[in-house]
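The values are calculated or read from the model by the stated rules, or taken from the named source; none is laboratory data. As the structure is a computational prediction, the values presented were derived from the model and not from experiment. Because the Cβ atoms are built from the backbone with ideal geometry, glycine has one as well, and the counts that use them run over all protein chains shown. Accessible surface is based on the protein model in full, side chains and every heavy atom, while ligands, DNA and RNA are left aside. Shrake-Rupley method; radii C 1.70, N 1.55, O 1.52, S 1.80 Å.
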Amino acid sequence: MKPYEIRTYQDSYEIYELIEHSTRSWFKIAPERGGIVISFGANGQELLYLDKATFDDPNANIRGGIPVLFPISGQLAEGAYEWNGQRYSMKNHGVARVRPWRVESTDTHDGAAITLMLASDAETRESYPFDFELRFTYRLKDGQLTIEQEYRNGSAEPMPMYPGFHPYFVADRKALAYETDATKYFDYNDGTEKSYDGRVIDLDKLPESVVFLNAQRRDIAFSPAERLVVRMTYGEPFKYVVLWSVSGKSFVCVEPWMAKTDELNRKQELVEVPAGGVHRTFLTISRVSV
């Protein structure tokens, strides 16, 4: 048996399933449905939550998997922002999660990998007036899923962005302590900044999100279910981690973002890709042995 396998099948959309046999690991991705990962398992255990009905409905925002957030993470006040004297409307979390991505290549030489590409078009420019190419390689190796990201600016001016990811992790408990060196978080439920010393945060009691503010290390770990510890590591631009859930639903979202919500209006910590330039970074998700 070969160490890695890539296969495709239809389930409302074309699904690519990438498998690493030695670690009993896999992930499944739907390129045409926003390039979303809908399943990731390691050592035989599923890590992600998916509401299948929202995935199957082309008009629904998918609740589950790992949605791609670009060019913004979160919301814009009144759903709009101004750039160079022009007002633009944009839906929550940007344009990438609702666009079909194109498969550029698959590979089994260094893990099981698939590269997807999304390019700007007339429709994206109505919300975001920049020429971009996103090229993400999803790689499964040693039981870890790494998303290698490339954000390319084809415009004649710097391209502002603050991308992120919105992983939904399967959870049988939501009162969790997080392993992070962040000592503060902002609580959107009461609009206050609070100290953090490793205490439990119960997302089942918080309808709005909270966000870790001042971490120096770019990693976080947590245990959302019995015999499951998840660790994420990510590139330097991901300065924030947002926590969110919905009461009564069996998931927690732990989301690396490059800036806080509504940054396109604040314009205080935008990531700017130079004209003709490219920005590269990564996110790795793994199951820690317990």
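Could you list, in sequence order, all residues of segment 26-58 that are under 13 Å from ASP11 (Cβ atoms), surrounded by fewer than 19 Cβ atoms within 10 Å (Cβ to Cβ) and in contact (Cβ under 8 Å) with a residue 60 or more places away in the chain?
Residue satisfying the conditions is GLU32 alone.
Of all the residues that make up segment 105-127, how many are in a loop (DSSP other than H, G, I, E, B) and in contact with a Phe, Trp or Tyr (Cβ under 7 Å, 6 or more places away or on another chain)?
Here the count works out to 3.
Just the residues that are more than 20 Å from PHE40 (Cα to Cα) and in a strand (DSSP E or B), please, taken from segment 82-104.
GLU82, TRP83, GLN86, ARG87, TYR88, SER89, GLY94, ARG102, GLU104
In segment 128-162, what residues are open to solvent by 10 Å² or more (accessible area, probe 1.4 Å), in a strand (DSSP E or B) and within 16 Å of VAL278 (Cα to Cα)?
If the condition is that a residue be open to solvent by 10 Å² or more (accessible area, probe 1.4 Å), in a strand (DSSP E or B) and within 16 Å of VAL278 (Cα to Cα), then GLU133, ARG135, THR137, GLU148, GLU150, ARG152 are the ones that fit.
Residues of segment 199-213 being modelled with pLDDT of 95 or more and outside any loop (DSSP other than H, G, I, E, B), which ones?
Scanning segment 199-213 gives ILE201, ASP202, LEU203, VAL210, VAL211, PHE212.
Checking the structure you have, find out if any residue of segment 217-226 is without any contact (Cβ under 8 Å) to a residue 40 or more places away in the chain, over 26 Å from ALA42 (Cα atoms) and outside any strand (DSSP E or B).
Among the residues of segment 217-226, not one is without any contact (Cβ under 8 Å) to a residue 40 or more places away in the chain, over 26 Å from ALA42 (Cα atoms) and outside any strand (DSSP E or B), which makes the answer no.
Kindly establish whether ARG87 is among the charged types (D, E, K, R) and either open to solvent by less than 70 Å² (accessible area, probe 1.4 Å) or in contact with a Lys or Arg (Cβ under 9 Å, 6 or more places away or on another chain) (or both).
No.
Within segment 59-68, can one find any residue that is within 18 Å of the chain's Cα centre (by Cα), at positive phi and in contact (Cβ under 8 Å) with a residue 12 or more places away in the chain?
yes
In segment 166-189, is there at least one residue being over 18 Å from TRP257 (Cβ atoms), open to solvent by 20 Å² or more (accessible area, probe 1.4 Å), of a type in the set (A, V, I, L, M) and touching a Ser or Thr at 6+ places or on another chain (Cβ under 7 Å)?
Yes, the conditions are met somewhere in segment 166-189.
If you check ALA112, ALA77, which single one turns out to be touching a strand residue (DSSP E or B) at 6+ places or on another chain (Cβ under 6 Å) and either surrounded by 15 or more Cβ atoms within 10 Å (Cβ to Cβ) or within 27 Å of LEU243 (Cβ to Cβ) (or both)? Spell out the reasoning first.
Working: ALA77 fails: touching a strand residue (DSSP E or B) at 6+ places or on another chain (Cβ under 6 Å).
When all the criteria are applied, what remains is ALA112.
Sort out which residues of segment 246-276 are under 16 Å from SER73 (Cα atoms), assigned to a loop (DSSP other than H, G, I, E, B) and not acidic (Asp, Glu), and write them in order of number.
The answer is MET258, ALA259, LYS260, THR261, LYS267, GLN268, LEU270.
What are the residues in segment 191-212 that are of a type outside the set (Asp, Glu) and open to solvent by 100 Å² or more (accessible area, probe 1.4 Å), if any?
Within segment 191-212, ARG199, LYS205 meet the criteria.
Residues in segment 234-290 that are free of Cβ contacts under 8 Å to residues at least 40 places away in the same chain and over 27 Å from LYS174 (Cβ atoms): how many?
2
If TYR16 satisfies all but one of (1) over 20 Å from the mean Cα position of the chain (by Cα); (2) open to solvent by 10 Å² or more (accessible area, probe 1.4 Å); (3) under 25 Å from ARG231 (Cβ atoms), what's the number of the condition it fails?
The single condition TYR16 does not satisfy is (1).
Do you know which residues across segment 249-283 are among the small types (Gly, Ala, Ser) and buried (at least 22 other Cβ atoms within 10 Å of the Cβ)?
Matches in segment 249-283: ALA259 only.
Here are the criteria: (1) aliphatic (A, V, I, L, M); (2) over 16 Å from the mean Cα position of the chain (by Cα); (3) modelled with pLDDT of 95 or more; (4) open to solvent by less than 10 Å² (accessible area, probe 1.4 Å). Tell me which single one LEU228 does not satisfy.
Of (1) aliphatic (A, V, I, L, M); (2) over 16 Å from the mean Cα position of the chain (by Cα); (3) modelled with pLDDT of 95 or more; (4) open to solvent by less than 10 Å² (accessible area, probe 1.4 Å), only one is false for LEU228: (3).
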